[in-house]
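Heads up, the thing below is written out as structure tokens.
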Amino acid sequence: MRVRAVKKDALPAVRDEPWVDPDRRPYVKGDTAWVPVREGFPSDSEIPDRHEYTGRGYFMLGDVAVVHGPRPDKDDVEEIVRFRRPRGVVWIEALADVTRTPETHLLRGECGEVCHRESGYTYYLDPQKVMFAQGNRDEKMRMARLVSEDQKEERVADMFAGIGYFTVPMAGAGAKVHAMEINPVAFGYLRRNIAANNLEGQVEVSCGDCRNLLSGDYDRVVMGHFDAVEMLPAVFSHVHAGSILHVHSIGDQSAKIGEALKGAGFSFSIQVHKVKKYRPHAWHIVQDVTLS
């Protein structure tokens, strides 16, 4: 692999340089980062390609490796460390109650706050204190695309905003977002991430139970919580004909959503969108509900 040597701290500054090969990851050793180089550009050196990773699934949040599912064993952790050299390895055992606070175990190294880049946006968080919806990346970008395709400036409610993983890309696409979050730690990161992406003028933030914080009228409502169907009645007085609700659930809940809407006197259409496999025989679903 052809590479150039840069200071580790300079990695963010060179990320978008034309010579950087975006399909390969930098190799970091000490204070030096060896950055892969595209064909046609000069390089400083050549290093052997790293072995193909065949171990336990994980994802990176900043420089910390995060694992879900059953507890990884020692060999799983060793393979992740050997392949990716993270600052720490964290296992997320579960998410607790309505605040979605992670129950975690630090299996190697250290964790603490990370700076994570995704789809051109910056997110600060501590993976041991707040959740990050890594598996919803395509869904986040779909929300941004739907906002950008609209001919008017939308007013959007993000009812379970977390640290801003839907709020930030939607605001970046031009929406005026009312972001609500009940977990005060996540709310602190939400405000910080809005500022980090220079979106203060696009986002109104509220801390508390979103059912009590909805105000005015919304063109789009993102309900990114698996209990969202039960919370639909709180939304009904804040939407109009043409409003779109994005209702998350485990499994298709279209029939239950339809019953609630009919009971409130709405006409509607529902499109079902699969996000990802949640567990065997169960999908994370988003029901796109258009009111008419």
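Table for the structure above
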{"item": "Some residue of segment 227-238 being charged (D, E, K, R) and farther than 19 Å from residue 99 by Cα", "result": "no"}
{"item": "Unique match (being more than 18 Å from residue 164 (Cβ to Cβ), without any contact (Cβ under 8 Å) to a residue 40 or more places away in the chain and not assigned by TED's automatic domain parsing to the domain that holds residue 211) among 97, 63", "result": "97"}
{"item": "Strands (runs of 3 or more DSSP E) contained entirely in segment 94-143, each with at least 2 residues that are polar (S, T, N, Q)", "result": "101-109"}
{"item": "Flag for residue 93 being under 16 Å from residue 25 (Cα atoms) and among the acidic types (Asp, Glu)", "result": "no"}
{"item": "Residue among 177, 185 that alone is within 21 Å of residue 99 (Cα to Cα), assigned to a strand (DSSP E or B) and either of a type in the set (S, T, N, Q) or touching a residue at least 12 places away in the same chain (Cβ under 8 Å) (or both)", "result": "177"}
{"item": "In segment 188-203, residue surrounded by the fewest Cβ atoms within 10 Å (Cβ to Cβ) [restricted to those that are outside any helix (DSSP H, G or I) and of a type outside the set (A, V, I, L, M, F, W, C)]", "result": "198"}
{"item": "Filter pass, residue 261 being within 24 Å of residue 172 (Cα to Cα) and either of a type in the set (Val, Ile, Thr) or surrounded by 13 or more Cβ atoms within 10 Å (Cβ to Cβ) (or both)", "result": "no"}
{"item": "Leading residue by the ranking (surrounded by the fewest Cβ atoms within 10 Å (Cβ to Cβ)) among those in segment 66-76 that are within 27 Å of residue 165 (Cα to Cα) and in contact with a strand residue (DSSP E or B) (Cβ under 8 Å, 6 or more places away or on another chain)", "result": "71"}
{"item": "Residues of segment 23-34 satisfying the condition of being closer than 12 Å to residue 4 by Cβ and either more than 26 Å from the chain's Cα centre (by Cα) or among the aromatic types (Phe, Trp, Tyr) (or both)", "result": "27, 32, 33, 34"}
{"item": "Close pairs (7 angstrom Cβ cut-off, 6 or more residues apart or separate chains): among the aliphatic types (A, V, I, L, M) in segment 206-229, part of a helix (DSSP H, G or I) anywhere", "result": "214/234; 214/238; 222/143; 223/231; 229/256; 229/257"}
{"item": "Matching residues in segment 262-283 - criterion: being under 24 Å from the mean Cα position of the chain (by Cα) and part of a loop (DSSP other than H, G, I, E, B)", "result": "280, 281"}
{"item": "Candidate set: segment 35-47, residues that are within 16 Å of residue 84 (Cα to Cα) and among the aliphatic types (A, V, I, L, M); chosen: the one surrounded by the most Cβ atoms within 10 Å (Cβ to Cβ)", "result": "35"}
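Results for (1) among the polar types (S, T, N, Q); (2) at pLDDT below 90; (3) surrounded by 17 or more Cβ atoms within 10 Å (Cβ to Cβ); (4) over 23 Å from residue 198 (Cβ atoms), shown as yes or no for each residue.
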site: 58; (1), (2), (3), (4): no, no, yes, yes
site: 61; (1), (2), (3), (4): no, no, yes, no
site: 97; (1), (2), (3), (4): no, yes, no, yes
site: 113; (1), (2), (3), (4): no, no, no, no
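Here is a yes/no grid of residues against (1) free of Cβ contacts under 8 Å to residues at least 60 places away in the same chain; (2) closer than 22 Å to residue 82 by Cα; (3) part of a strand (DSSP E or B):
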{"residue": "3", "(1), (2), (3)": "yes, yes, yes"}
{"residue": "6", "(1), (2), (3)": "yes, yes, yes"}
{"residue": "13", "(1), (2), (3)": "yes, no, no"}
{"residue": "17", "(1), (2), (3)": "yes, no, no"}
{"residue": "22", "(1), (2), (3)": "yes, yes, no"}
{"residue": "28", "(1), (2), (3)": "yes, yes, yes"}
{"residue": "33", "(1), (2), (3)": "yes, yes, yes"}
{"residue": "52", "(1), (2), (3)": "yes, yes, no"}
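The values are calculated or read from the model by the stated rules, or taken from the named source; none is laboratory data. Bear in mind the structure is a predicted one, so any value in this text is a computation, not a measurement. Using ideal geometry, Cβ is built from the backbone for each residue, glycine included, and neighbour counts are taken over all protein chains shown.
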